[in-house]
1. Report the label-to-label distance for E57 and T14 in nanometres (one decimal), using points 7 Å from each Cα along the Cα→Cβ vector.
2. If we restrict to alpha carbons, what Rg and Dmax does the stretch 3-64 come to, in Å?
3. DSSP loop (so not H, G, I, E, B), at most 10 other Cβ within 10 Å: list which GluC sites (Glu not before Pro) in the stretch 5-69 pass both filters.
4. Less than 13 Å Cβ to Cβ from V38, Lys/Arg counted +1 and Asp/Glu -1: what total charge do the surrounding residues give?
5. For the chain, set up a GNM with springs between Cα atoms under 10 Å and report which of L21, L34, L46 has the largest fluctuation.
Amino acid sequence: MDAKLLELLVCPVTKGPLIYLRESQELASRSARLAYPVRDGIPILLENEAREIGDEEAERLARSVSPAA
């Protein structure tokens, strides 16, 4: 994921920053607790396409990842 593009993208629900999760090919929103898929390099920023982030994963994100990672 291009770092400059990531700086421009925001969560469509909260308008907050997104975190790129390379392993799962997703963009995560800590505040909305949603992870949006990235398919063929294209972020799918639709709430109905996102998966909910559970408590454990949300805590891990809060501790280990900065928004611009």
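1. 1.5 nm
2. Rg, Dmax (Cα atoms, Å): 10.6, 29.
3. Values: sites: E7, E23, E26, E47, E49, E52, E56, E57, E59; in loops: E23.
Listed in order of number, the matching sites are E23.
4. On the way: positive: R22, R39, R51; negative: D2, E23, E26, D40, E49.
For residues surrounding V38, the net value is -2.
5. Between L21, L34, L46, it is L46 that shows the largest mean-square fluctuation.
Taken together, the values in this text are just the output of simple stated rules run on the coordinates, not laboratory data. Note that the coordinates shown come from a computational prediction; the quantities given were computed from them, not determined experimentally. As a convention, Cβ positions derive from the backbone with ideal geometry for all residues, glycine included, and neighbour counts pool all protein chains shown.
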